[in-house]
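Since the structure comes first, as structure tokens, the remarks are kept for the end.
The values are calculated or read from the model by the stated rules, or taken from the named source; none is laboratory data. These numbers come from a predicted model, not from an experiment. Neighbour counts are summed over all protein chains in view; Cβ atoms, including those assigned to glycine, are modelled from backbone coordinates with ideal geometry.
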Amino acid sequence: MSSLHVVLHAPTADGLARARRNALNLVKARPEAEVLIVANGAAVVAALETPDPASDTWLRLCRNTLVAQNLSNTAGLKEIEAAVVTLAELQAQGWAYIRA
């Protein structure tokens, strides 16, 4: 198990693009690292419109955003109940938080 756990928070489309690049760079430099990308707000729309097979395995979409924006996760990306809850829980577990 890795001692490096990083959650990248992407609340915007640009933030999602940065988070995807950051995740790829992190895993390239530290293959043992655990990384998650938590997307909410405008990043959810961007994730659905622009899939990225290289990083989408780490991506988690905020279900609250999907519901609030009346979006369908037709891509079958993994979902979390609420970005704020997941971000808080991961930080409480010792994950490093980076806003992308």
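If you check N64, N22 for being under 14 Å from R99 (Cβ atoms) and either buried (at least 16 other Cβ atoms within 10 Å of the Cβ) or hydrophobic (A, V, I, L, M, F, W, C) (or both), only one passes: N22. Tell me which residues, restricted to segment 31-42, are within 18 Å of D14 (Cβ to Cβ) and more than 9 Å from the chain's Cα centre (by Cα). Passing the criteria: G41, A42. Just one of (1) within 12 Å of the chain's Cα centre (by Cα); (2) small (G, A, S); (3) farther than 15 Å from T12 by Cβ fails for A75. It is (1). For the structure I just gave you, tell me whether S2 is at negative phi, modelled with pLDDT under 95 and either polar (S, T, N, Q) or under 13 Å from the mean Cα position of the chain (by Cα) (or both). It is true that S2 is at negative phi, modelled with pLDDT under 95 and either polar (S, T, N, Q) or under 13 Å from the mean Cα position of the chain (by Cα) (or both).
Residues in segment 60-81 that are without any contact (Cβ under 8 Å) to a residue 24 or more places away in the chain and hydrophobic (A, V, I, L, M, F, W, C): L61, L66, V67, A68.
Of the residues screened, T57 is not one that is farther than 21 Å from E89 by Cα and either of a type in the set (A, V, I, L, M, F, W, C) or surrounded by fewer than 18 Cβ atoms within 10 Å (Cβ to Cβ) (or both).
Within segment 89-100, residues that are in contact (Cβ under 8 Å) with a residue 40 or more places away in the chain and under 19 Å from A17 (Cβ atoms) sit with their Cβ atoms under 6 Å from residues that are among the charged types (D, E, K, R) and not in a strand (DSSP E or B), at 6+ positions apart or across chains, in these pairs: A100/R18.
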